[in-house]
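The structure appears below as structure tokens.
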């Protein structure tokens, strides 16, 4: 039997093993909640013992960082704050567009903007959100290293990088964390990144550990998704493909009942069981779901149940690619 602990290490910090991904409070999954409702989620998470909050300059083009700054700045000493640079909104004549830019000057400017929006003097964990492949990773991490030296950042992270890129970056400055999508239905980090994190002493941070809602069992009809929901552009959520994936959920629900857990809790417990250096940052706009997710930290999974889960939902049984052909090149997947 594998025991799941509620606290884990991330670089120099100790954090809750289940944190809060804050993206969908401002961005991505259709219409976000009103600001006060979003603030209530943040405060409730803090009250429940969440000590790891994850945001980015990209989310809501700064609105998510502003939300966290307004809401949590008075309690800054009680949690570890993670944000990201390297993708941000840039104003064009046609409006604000998402741009990947890992140049050192852009990274430093983005950090200053984030510090202001977050109403803080230092960001605990600052990620390069995507590797800008026209900028050597050493140059981007070198800029982050300077931010550490200046006292504006405490630890450095990377997002969606390969094991080779991680090792190159780690040679410039110790990498405290790597964040990538990881769940039963997205297994790419198992190729090399999770083990490379372990060998380097870095924490692996799993985003979308509930498979963007799939593993909760709540999303049965993708036609119900908002027109602006980013899942509408993801191949796995195409109607016919998603219908095929839904066939996996009846047996998955049975396994959750066997574990005396909800479907969401089982998915999160599976992620946490991958190693003591692995943590999860599910997002939610619902207090009840927040409480449910945090309960995963106490779920213990026996090895035979883990084996059944691995056999049921994996890269071979899930239909559809993770990203569209247009988006996939943004991810550094070589030797992932």
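Readers should treat all values here as calculations from the given coordinates under stated rules, not as data from a laboratory. This is a predicted model, so every value here is computed, not measured. Quick reminder, even Gly has a Cβ in these numbers, built from the backbone with ideal geometry, and neighbours come from all protein chains shown.
Please label the shape of the stretch 46-147 as rounded, prolate or oblate, based on the square roots a ≥ b ≥ c of the eigenvalues of the alpha-carbon gyration tensor (a/c under 1.5 means rounded; beyond that, a/b larger than b/c means prolate, else oblate).
The shape class here is oblate.
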**Study point:** Where Rh is the Kirkwood radius over Cα pairs, Rg/Rh for the stretch 204-270
**Key:** 0.99
**Study point:** Pairwise centroid distance, computed over Cα atoms, of the stretch 235-275 with the stretch 13-50, Å
**Key:** 22
Point to revise | Relative contact order, percent, the chain [alpha-carbon distance under 8 Å, six or more residues apart] | key: 22
Exercise for review: Arrange 77, 6, 224 by Cβ neighbour counts within 10 Å, fewest through most, would you?
Suggested key: 77, 224, 6
Review point. What is the helix-to-structure angle for 104-118, meaning the angle in degrees between its Cα long axis and the longest Cα principal axis of the chain, kept from 0 to 90 and rounded to the nearest 10?
Key: 70
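Looking at the stretch 118-241, I'd like the Rg to Rh ratio, where Rg is from alpha-carbon atoms and Rh is Kirkwood's inverse mean 1/r.
Result for the stretch 118-241 is an Rg/Rh of 1.05.
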Exercise for review: Could you state the angle between the C-alpha long axis of helix 35-47 and the longest principal axis of the C-alpha atoms of the chain, as a value from 0 to 90 degrees rounded to the nearest 10?
Suggested key: 80
**Study point:** Extent along principal axes [Cα atoms of the stretch 216-319; Å; largest to smallest]
**Key:** 38, 31, 25
Review point. For 79, 214, 13, what ranking results if the residue with the fewest other Cβ atoms within 10 Å of its Cβ goes first?
Key: 13, 79, 214
Review point. What ranking do 47, 132 get, fewest neighbouring Cβ atoms within 10 angstrom at the top?
Key: 47, 132
Practice item. Please give the FRET efficiency for residue 307 paired with residue 244, using the beta carbon to beta carbon distance and R0 = 25 Å, rounded to the nearest 0.05. Key: 0.60
Revision key, fill the gap. Measuring from the longest principal axis of the C-alpha atoms of the chain, the long axis of helix 63-72 (C-alpha) lies at a number of degrees, nearest 10, equal to 90
Review point. Which residue, 25, 46, 268, tops the fluctuation ranking in a GNM of the chain built on C-alpha contacts under 10 Å?
Key: 46
